[in-house]
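Chemist: Below is the structure I would like to discuss, written out as C-alpha coordinates.
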Amino acid sequence: MKIPDNKNLFAYFDESGNTGLKLNDSVQPFFYECAVISPYNIDNINLSEIDAIKKELGVKRLHAAEIGIVKIEDFIHKIDYLASLHKLAFFIIKIGKLHYAKLKLFDLIFDNGLNPAMTSFHYGVRDLRISLAQQVIQTIDDIDIIPFWESFIN
(Lines give C-alpha, C1' and ligand atoms only; values in the text may rest on other atoms or scores of the structure.)
Protein backbone atom coordinates (compact mmCIF):
# COMPACT_ATOMS: atom_id res chain seq x y z
CA MET A 1 0.00 0.00 0.00
CA LYS A 2 1.18 3.52 -0.78
CA ILE A 3 1.86 5.74 2.21
CA PRO A 4 -0.53 8.73 2.16
CA ASP A 5 0.94 12.02 0.92
CA ASN A 6 0.62 13.90 4.17
CA LYS A 7 3.29 15.72 6.12
CA ASN A 8 1.55 14.81 9.39
CA LEU A 9 1.82 11.05 9.68
CA PHE A 10 1.34 9.03 12.83
CA ALA A 11 3.18 5.76 13.49
CA TYR A 12 2.16 3.02 15.90
CA PHE A 13 4.56 0.16 16.74
CA ASP A 14 4.32 -3.17 18.52
CA GLU A 15 6.55 -6.22 18.72
CA SER A 16 5.56 -9.87 18.64
CA GLY A 17 6.64 -10.52 22.22
CA ASN A 18 5.51 -14.17 22.20
CA THR A 19 8.78 -15.50 23.59
CA GLY A 20 10.17 -12.30 25.03
CA LEU A 21 13.93 -11.94 25.05
CA LYS A 22 14.65 -15.68 24.99
CA LEU A 23 17.24 -16.22 22.23
CA ASN A 24 17.48 -19.94 21.78
CA ASP A 25 13.79 -20.72 21.23
CA SER A 26 13.53 -23.07 18.25
CA VAL A 27 9.76 -22.49 18.08
CA GLN A 28 10.10 -18.73 17.57
CA PRO A 29 13.62 -17.78 16.43
CA PHE A 30 12.56 -14.32 15.21
CA PHE A 31 11.49 -10.96 16.57
CA TYR A 32 8.62 -9.38 14.65
CA GLU A 33 7.86 -5.68 14.73
CA CYS A 34 4.75 -4.20 13.16
CA ALA A 35 4.16 -0.55 12.34
CA VAL A 36 0.91 1.10 11.31
CA ILE A 37 1.31 4.43 9.54
CA SER A 38 -1.75 6.68 9.52
CA PRO A 39 -2.56 10.14 8.13
CA TYR A 40 -4.44 10.89 11.38
CA ASN A 41 -4.21 10.14 15.08
CA ILE A 42 -6.05 6.84 15.46
CA ASP A 43 -6.42 7.42 19.22
CA ASN A 44 -8.72 10.38 18.54
CA ILE A 45 -11.24 8.62 16.32
CA ASN A 46 -13.92 6.03 16.92
CA LEU A 47 -13.56 3.05 14.67
CA SER A 48 -16.88 1.29 15.12
CA GLU A 49 -15.71 -1.33 12.61
CA ILE A 50 -12.92 -2.37 14.99
CA ASP A 51 -15.39 -2.52 17.87
CA ALA A 52 -17.60 -4.83 15.79
CA ILE A 53 -14.66 -7.17 15.08
CA LYS A 54 -13.71 -7.24 18.78
CA LYS A 55 -17.32 -8.03 19.71
CA GLU A 56 -17.51 -10.79 17.08
CA LEU A 57 -14.31 -12.35 18.46
CA GLY A 58 -15.32 -11.81 22.10
CA VAL A 59 -12.17 -9.87 23.02
CA LYS A 60 -11.48 -6.45 24.53
CA ARG A 61 -8.59 -5.68 22.18
CA LEU A 62 -7.23 -6.99 18.90
CA HIS A 63 -4.09 -8.67 20.13
CA ALA A 64 -2.66 -11.92 18.77
CA ALA A 65 -1.95 -13.26 22.27
CA GLU A 66 -5.65 -13.00 23.13
CA ILE A 67 -7.10 -13.96 19.76
CA GLY A 68 -4.88 -16.83 18.64
CA ILE A 69 -3.58 -17.66 15.17
CA VAL A 70 -6.67 -19.54 13.98
CA LYS A 71 -9.01 -16.65 14.73
CA ILE A 72 -6.59 -14.11 13.23
CA GLU A 73 -6.74 -15.95 9.92
CA ASP A 74 -10.55 -15.80 10.08
CA PHE A 75 -10.77 -11.99 10.27
CA ILE A 76 -7.55 -10.65 8.72
CA HIS A 77 -9.40 -9.84 5.47
CA LYS A 78 -11.62 -7.45 7.46
CA ILE A 79 -8.56 -5.66 8.87
CA ASP A 80 -7.10 -5.43 5.37
CA TYR A 81 -10.33 -3.84 4.11
CA LEU A 82 -10.39 -1.34 7.00
CA ALA A 83 -6.74 -0.46 6.40
CA SER A 84 -7.42 0.43 2.78
CA LEU A 85 -10.63 2.28 3.70
CA HIS A 86 -8.87 4.43 6.31
CA LYS A 87 -5.61 4.82 4.32
CA LEU A 88 -3.48 2.90 6.82
CA ALA A 89 -0.19 1.31 5.82
CA PHE A 90 1.20 -1.74 7.65
CA PHE A 91 4.87 -2.68 7.79
CA ILE A 92 6.17 -5.89 9.33
CA ILE A 93 9.84 -6.41 10.12
CA LYS A 94 11.34 -9.82 10.88
CA ILE A 95 14.81 -10.25 12.38
CA GLY A 96 16.52 -13.37 13.64
CA LYS A 97 17.03 -13.22 17.40
CA LEU A 98 20.61 -14.50 17.23
CA HIS A 99 21.45 -11.98 14.49
CA TYR A 100 19.93 -9.19 16.59
CA ALA A 101 21.99 -10.19 19.63
CA LYS A 102 25.16 -10.16 17.53
CA LEU A 103 24.31 -6.66 16.29
CA LYS A 104 23.81 -5.52 19.90
CA LEU A 105 27.25 -6.83 20.81
CA PHE A 106 28.73 -5.07 17.76
CA ASP A 107 27.08 -1.79 18.82
CA LEU A 108 28.42 -2.05 22.36
CA ILE A 109 31.95 -2.51 21.08
CA PHE A 110 32.01 -0.16 18.08
CA ASP A 111 29.56 2.67 18.93
CA ASN A 112 31.81 5.74 19.07
CA GLY A 113 29.54 7.26 21.72
CA LEU A 114 30.34 4.32 24.01
CA ASN A 115 33.88 3.57 22.84
CA PRO A 116 36.15 6.62 22.47
CA ALA A 117 38.70 4.53 20.55
CA MET A 118 36.20 4.19 17.67
CA THR A 119 36.01 7.07 15.23
CA SER A 120 32.74 8.72 14.30
CA PHE A 121 33.76 8.22 10.66
CA HIS A 122 33.68 4.42 10.87
CA TYR A 123 30.60 4.12 13.07
CA GLY A 124 28.74 7.27 12.06
CA VAL A 125 28.74 6.65 8.30
CA ARG A 126 25.95 4.13 7.77
CA ASP A 127 27.52 2.25 4.84
CA LEU A 128 30.81 1.82 6.70
CA ARG A 129 29.04 0.75 9.91
CA ILE A 130 26.94 -1.87 8.10
CA SER A 131 29.96 -3.24 6.23
CA LEU A 132 31.99 -3.48 9.43
CA ALA A 133 29.07 -4.99 11.37
CA GLN A 134 28.59 -7.68 8.72
CA GLN A 135 32.25 -8.66 8.91
CA VAL A 136 32.28 -8.73 12.72
CA ILE A 137 29.04 -10.66 13.29
CA GLN A 138 30.11 -13.36 10.83
CA THR A 139 32.91 -14.24 13.25
CA ILE A 140 30.55 -14.80 16.21
CA ASP A 141 29.19 -18.33 16.64
CA ASP A 142 25.52 -18.70 17.58
CA ILE A 143 26.39 -20.60 20.74
CA ASP A 144 28.88 -17.91 21.83
CA ILE A 145 26.36 -15.07 21.71
CA ILE A 146 24.06 -16.62 24.33
CA PRO A 147 26.22 -15.79 27.41
CA PHE A 148 26.58 -12.20 26.15
CA TRP A 149 22.81 -11.92 25.67
CA GLU A 150 22.08 -13.25 29.15
CA SER A 151 24.39 -10.57 30.62
CA PHE A 152 22.98 -7.88 28.35
CA ILE A 153 19.33 -8.41 29.30
CA ASN A 154 20.17 -8.69 33.01
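The values are calculated or read from the model by the stated rules, or taken from the named source; none is laboratory data. These figures come from a predicted structure and were not determined experimentally. Glycine gets a Cβ as well: all are built from the backbone with ideal geometry, and neighbour counts include every protein chain shown. Note: accessible area is taken over every heavy atom of the protein model, side chains too, but ligands, DNA and RNA are not part of it. Shrake-Rupley method; radii C 1.70, N 1.55, O 1.52, S 1.80 Å.
Chemist: Note the angle between two axes, namely the Cα long axis of helix 48-57 and the longest principal axis of the Cα atoms of the chain, as a number of degrees from 0 to 90, rounded to the nearest 10.
Modeler: The helix 48-57 is inclined about 80 degrees to the chain.
Chemist: Which FRET efficiency value, to the nearest 0.05, do you get for Val59 and Gln28 by plugging their Cβ-Cβ distance into 1/(1 + (r/R0)^6) with R0 = 22 Å?
Modeler: Working: r = 22 Å, r/R0 = 0.99.
The formula returns an efficiency of 0.50 here.
Chemist: Rounded to the nearest 0.05, what FRET efficiency do Asp144 and Glu15 have when you use their Cβ-Cβ distance and R0 = 22 Å? Before the final figure, lay out the partial values.
Modeler: Details: r = 25 Å, r/R0 = 1.14.
Once the sixth-power term is evaluated, E becomes 0.30.
Chemist: Roll a 1.4 Å probe over the protein chains and send me the accessible area per residue for region 70-135 in Å². Kindly include the intermediate steps, with their values, before the conclusion.
Modeler: Values: 4460 Å² over 66 residues.
Averaged over the residues of region 70-135, the accessible area is 68 Å².
Chemist: With axes computed from alpha carbons, what is the tilt in degrees of helix 97-110 against the longest principal axis of the chain, rounded to the nearest 10 within 0 to 90?
Modeler: For helix 97-110, the angle is close to 50 degrees.
Chemist: Ok, one more. Tell me the carbon and sulfur percent of the accessible area for the chain, rounded to whole percent, probe radius 1.4 Å.
Modeler: Numbers: 6140 of 10710 Å².
So the carbon and sulfur contribution to the accessible surface is 57 percent.
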